[in-house]
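The next block holds one structure in the form of structure tokens; read it before the comments.
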Amino acid sequence: MQFIDLQYQQKRIHERLMENIARVLSHGQYIMGPEIRELEAKLGEYVGIKHAVSCSSGTDALLMALMALGVGKGDAVFTTPFTFVATAEVISLLGATPVFVDIDPVTFNIDPDRLKEAIDAFEKGNASRHPLPRGFERLTPKGIIPVDLFGQPADYDCINAMAAAKGLFVLEDAAQSFGAEYHGAKACSLAGMAATSFFPAKPLGCYGDAGMVFTDSDELADRLESIRVHGKGTDKYDNIRIGINGRCDTLQAAILLAKFEIFPEEIELRQEVARRYTQVLGESGQVACPHVTAGSKSAWAQYSLVTEHRDAILEAMKKEKIPSAIYYPKPLHVQGAYQYLAYAPGDFPVSQRAAQGIFSVPMHPYLAEQDQETICRAILGACRKG
Ligand SMILES: *Cc1c(COP(=O)(O)O)cnc(C)c1O
């Protein structure tokens, strides 16, 4: 059994994959070949956003978005401590400061009530209202990066309204949520800008690293295209700003084009797999199943459970050779890299508790019903013993 089975999918689309790869080898435009624009047009249309700018990874998508927004030294950017480190890392890389805000215990996404407290605390210059990082007195709030954790969109109605009232940007970290929906709109279209990842294990993954930035703004899209190629102006030897080498390989775009053909179907298959898990595990009362908010659809990047019996369950799964993972064992505010912000371990209790009890089980569109039964049996057996 595999945690994420990419082999089965590859068999399904083998012919189209080979055709697409062969076409790139034949035209030889390995950098910014025609597949790049084709992919950008297709995914932009799917998401319902005017500009889709492909790039080298999900991390670079976030970085390029922040660069286009002009984030830098002295800026505070609100985000969650319960995410992959890349979300906060890009803020730090630009000399800005991540300001952590605790998560909602049910969705694991940034909690809008806590976010409001954090913004208030900044305005009043009062860290007793909400934990703030060291040196916050010298920072100006600039924006918010909500994360669509495990594939479920954050609460954008609340977040966007708050941001608009305070003049903050919102950048959707949709690395895990490509294909998800929120009130009828697709993930990657839920904020002023969005960044996604095509890392192989993500809902839409390539065979290497790639990512994409989405925006309806012509001006931001122009900046993104420039930043992607070393801050180019009229051409790449005319450099009008500091940029990066942030391009997506043509080969990866060709692979993504083949995978995208079956992607909508795969999103539906993921719903089915999730429904089967919840049916068996939810009834048991032994583990807390993921809850998708009314009006939302998850891309099910992960199916994550919370329990008091984690050690026993992981041990039982290991014995049965069932792969598992913990996303995330350590919230960012207690990571070594973020000690300079001087947060206290107890500052974000919901994230802390989630990190202690959460684990993820195999999740992919082709997970067999029989395998799911084996997984559920191992989990529930361990709970009864624990
Ligand atoms: C995977 C991921 C990223 C980074 O994407 P890469 O393509 O691996 O650089 C950023 N944020 C979140 C929430 C992720 O899960």
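Taking the protein heavy atoms of the stretch 264-385 in the context of the full set of protein chains, the accessible area attributed to carbon and sulfur is 51 percent at 1.4 Å. Quick one: Debye curve from the C-alpha atoms of the chain, no solvent, what's log10 I(q)/I(0) at q = 0.06, 0.08, 0.09 Å⁻¹? Here log10 of I(q) over I(0) equals -0.23, -0.42, -0.53. Counting only DSSP beta bridges with both residues in the chain, the antiparallel share comes to about 60 percent.
One compactness figure for the stretch 264-385 is 1.16, namely its Cα radius of gyration divided by 2.2 N^0.38 Å. Distance between the C-alpha centres of the stretch 37-113 and the stretch 253-290: 24 Å, rounded to the whole angstrom.
Here the stretch 35-88 exposes an accessible surface that is 56 percent carbon and sulfur, computed with a 1.4 Å probe and the other protein chains kept in place. Calculated accessible area for the chain comes out at 42 Å² per residue, all protein chains present (probe 1.4 Å; ligands, DNA, RNA ignored).
The values are calculated or read from the model by the stated rules, or taken from the named source; none is laboratory data. Everything numeric in this text was worked out from a predicted model, so none of it was measured. Remember, those area values only see protein heavy atoms, side chains included, never the ligands or the DNA or RNA. Shrake-Rupley method; radii C 1.70, N 1.55, O 1.52, S 1.80 Å.
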